[in-house]
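Reviewing the structure listed below.
The values are calculated or read from the model by the stated rules, or taken from the named source; none is laboratory data. What you see is a predicted model; the values in this text were computed from it and never measured. With ideal geometry, Cβ positions are generated from the backbone for all residues, glycine too; neighbour counts draw on all protein chains shown.
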Amino acid sequence: MRVKSNIGKKIEESGLRDDFIARSVGGVSKKTVYNWRKGLSTPSFEKTFILAHILGCKVDDLAKIIEVEE
């Protein structure tokens, strides 16, 4: 199994800008939010909950588990 991020999709659906999200989450840059959107990095556990709140979704909506054949 592996985890696939849905953060980019949820940010796009929200219509919020990266700079607004960065300020709202606190302690992150626009570039960091861009990296989350593109799947280049992931937020910390705490910031994931804050991000979900800002986006109006559940933490579970930000990622999903993918079954991978071995």
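Being touching a Gly at 6+ places or on another chain (Cβ under 8 Å), free of Cβ contacts under 8 Å to residues at least 60 places away in the same chain and exposed (fewer than 15 other Cβ atoms within 10 Å of the Cβ) is a description that does not apply to GLY26. For the stretch 18-30, filtered to residues that are of a type in the set (D, E, K, R) and under 13 Å from the mean Cα position of the chain (by Cα), the residue that is farthest from ASP61 (Cα to Cα) is LYS30.
Name the residues in the stretch 2-45 that are touching an Asp or Glu at 6+ places or on another chain (Cβ under 6 Å) and of a type outside the set (D, E, K, R), would you? Listed by number, the residues that qualify are VAL33, TYR34. Out of (1) exposed (fewer than 12 other Cβ atoms within 10 Å of the Cβ); (2) free of Cβ contacts under 8 Å to residues at least 60 places away in the same chain, the odd one out for GLY8 is which? Condition (1) is where GLY8 drops out. For the stretch 32-45, the criterion of being modelled with pLDDT of 95 or more, assigned to a loop (DSSP other than H, G, I, E, B), on the phi > 0 side of the Ramachandran plot and of a type in the set (Gly, Ala, Ser) is met by no residue. Summed over the stretch 44-65, the residues that are under 16 Å from GLU12 (Cβ atoms) and surrounded by 14 or more Cβ atoms within 10 Å (Cβ to Cβ) give a count of 8.
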